[in-house]
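The values are calculated or read from the model by the stated rules, or taken from the named source; none is laboratory data. Values in this document were obtained by computation on a predicted structure and should not be read as measured data. Note that we place each Cβ from the backbone using ideal geometry, even for glycine, and neighbour counts take in every protein chain shown. The area values use the complete protein model at the heavy-atom level, side chains included, leaving out ligands, DNA and RNA. Shrake-Rupley method; radii C 1.70, N 1.55, O 1.52, S 1.80 Å.
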Amino acid sequence: MSSNLTWHQHTVDATSRAKALGQKPLVLWFTGLSGAGKSTLANGVEQALAGAGKHSFLLDGDNVRHGLCSDLGFSDSDRTENLRRVGEVARLMVDAGLIVLAAFVSPFASDRQLIRERLPQGRFFEIYVEASLEACESRDPKGLYAKARRGEIKHMTGLDSPFEVPASPDLVVNTQALSPAEAVNKVLEWLEKEVGLDASAD
Ligand SMILES: Nc1ncnc2c1ncn2[C@@H]1O[C@H](COP(=O)(O)OP(=O)(O)OP(=O)(O)O)[C@@H](O)[C@H]1O
Ligand SMILES: [Mg+2]
């Protein structure tokens, strides 16, 4: 980092932006195997938040790889850089006053921890979207597991790349035990009770 850089303190700050939007900005980080249901769940939660007049943004793994991270692959170091960038974007969005939902496999605990540490205290919530490898592989909504089994793609999380199960997530949602609608409701109830974010419609 250059020693010639100076942080400019702007007049309109994070607190005033959050106040203008009338909400507490935070990050809901959905982690889990491919096919566990992160995008489905985050999308359902965001829909409810939007219905309640909240200002949000959903950062989704595949989507950022089209642009912001289009130069990155799936090696360990590229996954770490992918999440570092996404974490910085989430941080900017929290600064802008938004409720950020992030749906990334994010298999390494250290990457998730770094993002938590880059955010103000109490603004990062880790939601483990849990489903067994067998369940994810039988869903295989993108056909990725089949491709990996055929040897067409490498570094598939759960097969030839590890997934580090969160040691102390803020919430666990098991998508084998719950329907998509029940899973969304579980997050909404937890948001209201534990985070103080009411997503019931205005
Ligand atoms: N309770 C549930 N919650 C979410 N998804 C579920 C649930 N039950 C079954 N599913 C199904 O599981 C699949 C999950 O796919 P989804 O794309 O949301 O996974 P993902 O975790 O975002 O995967 P990827 O990391 O590859 O993007 C979908 O086909 C969805 O219909
Ligand atoms: Mg997804």
* Candidates E134, E192, filtered to the one that is farther than 25 Å from A90 by Cα, away from ligand 2 (no atom under 16 Å from the Cβ) and open to solvent by 30 Å² or more (accessible area, probe 1.4 Å) -> E134
* **Complete set of residues in region 33-72 that are in a loop (DSSP other than H, G, I, E, B) and not hydrophobic (A, V, I, L, M, F, W, C)** => S34, G35, G37, G53, K54, H55, R65, H66, G67, S70, D71
* Residue check for D60: within 16 Å of ligand 1 (Cβ to nearest atom), of a type in the set (D, E, K, R) and more than 28 Å from A177 (Cα to Cα) -> no
* Would you check if there is a residue in region 113-130 being modelled with pLDDT of 95 or more, under 21 Å from D60 (Cβ atoms), over 17 Å from the mean Cα position of the chain (by Cα) and open to solvent by 70 Å² or more (accessible area, probe 1.4 Å)? => no
* To do: Determine the pairs where a residue that is within 23 Å of P162 (Cβ to Cβ), located within region 109-123, has a partner that is of a type in the set (A, V, I, L, M, F, W, C) and not in a helix (DSSP H, G or I) with Cβ atoms under 6 Å apart, the partner being 6 or more residues away or on another chain.
  => R116/F124
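Can you pull out the residues in region 73-82 that are within 15 Å of ligand 1 (Cβ to nearest atom) and either outside any helix (DSSP H, G or I) or over 17 Å from the mean Cα position of the chain (by Cα) (or both)?
Listed by number, the list holds a single entry, F74.
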* Please enumerate the residues belonging to region 47-64 that are crowded, with 16+ Cβ neighbours inside 10 Å and either among the polar types (S, T, N, Q) or within 13 Å of ligand 2 (Cβ to nearest atom) (or both). => S56, L58, L59, D60, G61, V64
* **Residue list for region 21-46, filter: away from ligand 1 (no atom under 16 Å from the Cβ) and either surrounded by 12 or more Cβ atoms within 10 Å (Cβ to Cβ) or over 19 Å from A90 (Cα atoms) (or both)** => L21, Q23, K24, P25, L26, V27
* Residue identified as more than 16 Å from ligand 2 (Cβ to nearest atom), open to solvent by less than 60 Å² (accessible area, probe 1.4 Å) and modelled with pLDDT under 95 among S16, S75 -> S75
* Asked: For region 1-14, does any single residue satisfy the condition of being of a type in the set (A, V, I, L, M) and within 16 Å of ligand 1 (Cβ to nearest atom)?
  -> no
* Would you be able to tell me the number of residues in region 175-189 that are buried (at least 18 other Cβ atoms within 10 Å of the Cβ) and free of Cβ contacts under 8 Å to residues at least 60 places away in the same chain? => 1
* Structure fact -> Apart from one, (1) within 20 Å of H155 (Cβ to Cβ); (2) part of a loop (DSSP other than H, G, I, E, B); (3) modelled with pLDDT under 95 all hold for T11; the odd one out is (1)
* Subset tally (residues that are more than 17 Å from T157 (Cβ to Cβ) and not hydroxyl-bearing (S, T, Y)) for region 62-121 -> 31
* To do: Hey, can you tell me all the residues within region 137-147 that are crowded, with 18+ Cβ neighbours inside 10 Å and either of a type in the set (D, E, K, R) or away from ligand 2 (no atom under 16 Å from the Cβ) (or both)?
  => E137
* Please find, among D111, D95, D60, the residue that is of a type in the set (D, E, K, R) and over 17 Å from F30 (Cα atoms). => D95
